[in-house]
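Only the coordinates and a few stated rules stand behind these numbers; no lab work does. Since the structure is predicted, the reported quantities are computational estimates derived from the model, not experimental observations. Counting neighbours? That spans all protein chains shown, and the Cβs are built from the backbone with ideal geometry, glycine included.
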Amino acid sequence: MDIRKHTIGVRVFSFFLLVALTVCAQDAPGSGTERDGTHARGQREGDGAPEIIPHRRNSHNAIAPTGGSTGVITPNITFHGGPVMGAPNVYLIWYGNWNQSNGSDTASGKNIVKDFLHGLSGSNYYLTNSSYGAPTGTFAVKSEYTDSYSQGNSLTDVKVQSVVSAAIRSGQMGPADSNGIYFVLTSSDVAETSGFCSQYCGWHTAGTISGSNVKYAFVGNANRCLSSCAAQMTSPNGNAGVDGMVSVLAHELEETNTDPNLDAWYDANGSEDADKCAWTFGSSVKRTSSGAYYNMTLTGQTGNSRNFLVQRELDVNSKCYVDYVNKIQ
């Protein structure tokens, strides 16, 4: 045998093996690496799972909700060239059982969510989105859909996508809407195996469903883990799980508005606008007669007023606001 040829062959094989392993490592599911490879973004549950941008758990253990900084939150949020949504359409997919006797997964719990969304569009809070150019600070709730455990009571990220796909295919919400944001809202007996309660309280992403670029999000009822996904054990509307849920819903809604395809507005660490203000509630927090905290009052579907405790949102100049119109941080 020619020893030189054998040695060269081994070196060539080793080089190409190293290249192959490097490529596989870069493309491996769960790497959390953004498309341009410059920084970590979201997470993947496994092969074929979508990249999700999670909303972290509440790490504050204060008796009262944390106010947060009133200065510029660095690093600054910057634009990466992707599209943003002007005035998106919102679709609600009620997953699991929302007619339970536990005082949280109930019809009245659903009404809290719908009242919240009714008052949120165009509110002084949500108008923060208008600072990003194309977003108008408004949205429209288009339709609802009920899914009674079609994917069981333990969801993976892929199964969440299947829930959205089935809801669209049903025709009950109209055709797939590329200007829509589809929310999978799970009852508290439903687990999300990539980390609901243990790692996050909600997430958003985008993917091709029924031939359209569909933006969708997962938000679970915080009654499953109040210490992780709510800011208080009591609540202004008598349902701590759903009151905690609407704060996460606002978070995911505004992030999808300003970073729908995960390539628009985020900072050097990959954090989106609401991430940078997560679990802070500003200086205008008040208390109800029952002792529950709140920082905004919104008008519901029937003209009724409700109080809510909602996490602040970042504007384009990297300041967190509760009331963008009056610059209340």
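Calculate the spin-label point distance for Q199 paired with T234, positioning each point 7 Å from the Cα along the beta-carbon direction, and give it in nanometres.
3.5
Read through the labelled values (i) 32, 62, 6; (ii) 29, 55, 16, 0; (iii) 32, 55, 9, 4, 0 and report the label of the one computed as P(r) over Cα pairs in 20 Å bins from 0, in percent from the structure.
For P(r) over Cα pairs in 20 Å bins from 0, in percent, the calculated option is (iii).
Can you give the extra length, in nm with one decimal, that the chain gains between N269 and S59 once fully stretched, where that is 0.36 nm per residue apart less the Cα-Cα distance?
So the chain would gain 73.7 nm between N269 and S59.
How much FRET efficiency would the formula 1/(1 + (r/R0)^6) give for H80 and S170, where r is the Cβ-Cβ distance and R0 is 30 Å, rounded to 0.05?
0.30
Fully extended, how many nm does the chain gain between R287 and S162 (0.36 nm per residue separation, minus their Cα-Cα distance)?
40.9 nm
How large is the charge dipole for the chain, taken about the Cα centre, if only the Cβ atoms of Lys, Arg (+1) and Asp, Glu (-1) carry charge, to the nearest 20 debye?
It works out to roughly 320 debye.
With a 10 Å cut-off between alpha carbons and a GNM built on the chain, which of G238, G211, G137 moves the most?
Looking only at G238, G211, G137, the largest GNM fluctuation is found for G211.
Would you mind computing, in nm to one decimal, how far apart the modelled labels at A107 and T146 are, each placed 7 Å from Cα along Cα→Cβ?
About 0.9 nm, to one decimal.
Just the number, please: percent antiparallel of the DSSP beta bridges in the chain, rounded to the nearest 5.
Bridges in the chain that DSSP calls antiparallel: roughly 50 percent.
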